[in-house]
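Reading through the structure tokens given below for one structure.
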Amino acid sequence: MKPARVIVSVLVALVVVVSAACGGSDQSVPDNAVAVVDGTPITKAELDQLLARAKKTYTAQKRAFPKAGTAEYQSLQTQAVAYLVQRAEYDVEAENLKITVTDKEIEARITQLKTQYFGGSQAKLDKQIKDQGYTTESFRDDIRARVLSEKIYAAVTKDAKVTDAQVTTYYVANKKQPPIYTPESRDVRHILVKTKDEATRIYDELKSGGDFAALVTKNTLDEASKAGGGKMTIKRGDTVAEFDSTAFLLPTDSISRPVKTQFGYHVIQALSDVRPAKTLSQTAATAQIKALLLEKSKNDALTKWTNENKKELDKKVVYAVGFAPPAAATDTTTTG
């Protein structure tokens, strides 16, 4: 993950299933608040700070921030309110579960982020916090929310388990799916251009001894592979049919004539032999299957816990007029 995304990821990193509360919209909410959760107000200032950080993210990504009053802005505001309500609800549930987050734990997580993404530099971390629109206090609040959500997740999912019988059942039913099955793969490189004439010219240059990497830098429209000289490892079925067929039929080291796809025209070179498909034995695949099924079991446990608590949580949420979520709306938010 790039450092520029680290702070943003903290903002949305609650590893939970969020059910949009259906609490009422009530004028008893304080004038400076958008909602009240179990007696705790969520202030307009908190919402404004969250939206300001979102705006900075849009700007960094060179995207136009939605204008106030538009459907897009309303949707973004609804998501922001839902996030803040979720945090407050989890504070309530954490108290019920007797879960707390200490200052020491917050400091440890900040140190971890600083070491992992900023080379241990406090100055670089501070700059990133500022660039993302955080104050020191709001950044620590989001770190606390992340640690708290992880603790809740651990508490709620601690009894999740996977049996040998479940592993066997999964293996039998998914022999043609990852992680059990790995399709054919091959290393290739390509140049993508708009027209057949461009592709033909590049093909002729390559056949005359032209430098593939240099022609990639000069011509390709595929930004994802450009930095690597057009190189990529593909698995059978990963790419569009026309590209896939040509890439796997080419003799090693040979160069294709222009190949048309929905993206334009490609000139492809096969860099390696085709690596054959593989199917792992159950023994070899067991660890990966268990990890996959354990994650599912934990997510199921979390969903069940959330649903069981939803009605009571909903009763503890009151929204200011104009800030309630759409009726019967549900949002699913995971870490990333």
Problem set entry | Unmet requirement for Lys62, which otherwise passes all of (1) under 22 Å from the mean Cα position of the chain (by Cα); (2) part of a loop (DSSP other than H, G, I, E, B); (3) buried (at least 17 other Cβ atoms within 10 Å of the Cβ) | (3)
Exercise. Quick one: is Val81 within 17 Å of Phe323 (Cα to Cα) and part of a helix (DSSP H, G or I)?
Worked result: yes
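Residue by residue, here is whether (1) of a type in the set (Lys, Arg); (2) under 14 Å from Pro258 (Cα atoms) holds:
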| position | (1), (2) |
| --- | --- |
| Ser185 | no, no |
| Leu192 | no, yes |
| Ala199 | no, yes |
| Leu206 | no, yes |
| Phe212 | no, no |
| Thr217 | no, no |
| Glu223 | no, no |
| Gly228 | no, no |
| Arg236 | yes, no |
Problem set entry | The listed residue being under 19 Å from Pro183 (Cα atoms) and acidic (Asp, Glu), out of Asp238, Asp253, Asp222 | Asp238
Exercise. Which condition breaks for Gly322 when tested against (1) under 30 Å from Thr200 (Cα atoms); (2) at pLDDT below 95; (3) exposed (fewer than 13 other Cβ atoms within 10 Å of the Cβ)?
Worked result: (1)
Exercise. So how many residues does the range 287-306 have that are closer than 30 Å to Phe248 by Cα and either of a type in the set (Val, Ile, Thr) or surrounded by 18 or more Cβ atoms within 10 Å (Cβ to Cβ) (or both)?
Worked result: 1
Exercise. Identify, please: which residue in the range 171-195 is aliphatic (A, V, I, L, M) and either in contact with a helix residue (DSSP H, G or I) (Cβ under 7 Å, 6 or more places away or on another chain) or open to solvent by less than 50 Å² (accessible area, probe 1.4 Å) (or both) and is, among those, farthest from Gly229 (Cα to Cα)?
Worked result: Ile180
For this session: Please go through the range 84-111 and pick out each residue that is open to solvent by 30 Å² or more (accessible area, probe 1.4 Å) and among the hydroxyl-bearing types (Ser, Thr, Tyr).
Result: Thr100, Thr102, Thr111
Problem set entry | Residue satisfying all of: in the range 228-254; free of Cβ contacts under 8 Å to residues at least 60 places away in the same chain and open to solvent by less than 20 Å² (accessible area, probe 1.4 Å); nearest to the chain's Cα centre (by Cα) among these | Ile234
Exercise. Which number in (1) within 30 Å of Ala291 (Cβ to Cβ); (2) in a loop (DSSP other than H, G, I, E, B); (3) modelled with pLDDT of 95 or more marks the one condition that Gly229 misses?
Worked result: (1)
Exercise. Within the range 119-129, how many residues turn out to be open to solvent by less than 70 Å² (accessible area, probe 1.4 Å) and either within 21 Å of the chain's Cα centre (by Cα) or under 23 Å from Ala52 (Cα atoms) (or both)?
Worked result: 3
Exercise. Looking at Asp91, Asp31, Asp48, Asp126, which one is among the charged types (D, E, K, R) and in a loop (DSSP other than H, G, I, E, B)?
Worked result: Asp31
Exercise. Among the residues of the range 307-319, how many are surrounded by 13 or more Cβ atoms within 10 Å (Cβ to Cβ) and either modelled with pLDDT under 90 or out of contact with any strand residue (DSSP E or B) (no Cβ under 8 Å at 6 or more places or on another chain) (or both)?
Worked result: 7
For this session: Look at Asp141 and say whether it is of a type in the set (D, E, K, R) and at pLDDT 95 or above.
Result: no
For this session: Give the range 130-162 a look and list any residue that's open to solvent by less than 60 Å² (accessible area, probe 1.4 Å) and outside any helix (DSSP H, G or I), or say none.
Result: Gln132, Gly133, Tyr134, Thr157, Ala160, Val162
Exercise. Which residue pairs have Cβ atoms closer than 6 Å, lie 6 or more positions apart in sequence or on different chains, and pair a first residue in the range 170-187 that is at negative phi and at pLDDT 95 or above with a second residue that is part of a helix (DSSP H, G or I) and open to solvent by less than 50 Å² (accessible area, probe 1.4 Å)?
Worked result: Tyr170/Ile289; Ile180/Ala285
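Scanning the range 65-76 for residues that are more than 20 Å from the chain's Cα centre (by Cα) and not in a loop (DSSP other than H, G, I, E, B), which turns out nearest to Val34 (Cα to Cα)?
Gln74
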Seminar exercise, completed: How many residues of the range 82-112 are modelled with pLDDT of 95 or more and among the hydrophobic types (A, V, I, L, M, F, W, C)? The answer is 5
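The values are calculated or read from the model by the stated rules, or taken from the named source; none is laboratory data. These figures come from a predicted structure and were not determined experimentally. Cβ sites come from the backbone with ideal geometry, for glycine too, and all protein chains shown count toward neighbours. Areas reflect the complete protein model, heavy atoms only, side chains present, ligands, DNA and RNA absent. Shrake-Rupley method; radii C 1.70, N 1.55, O 1.52, S 1.80 Å.
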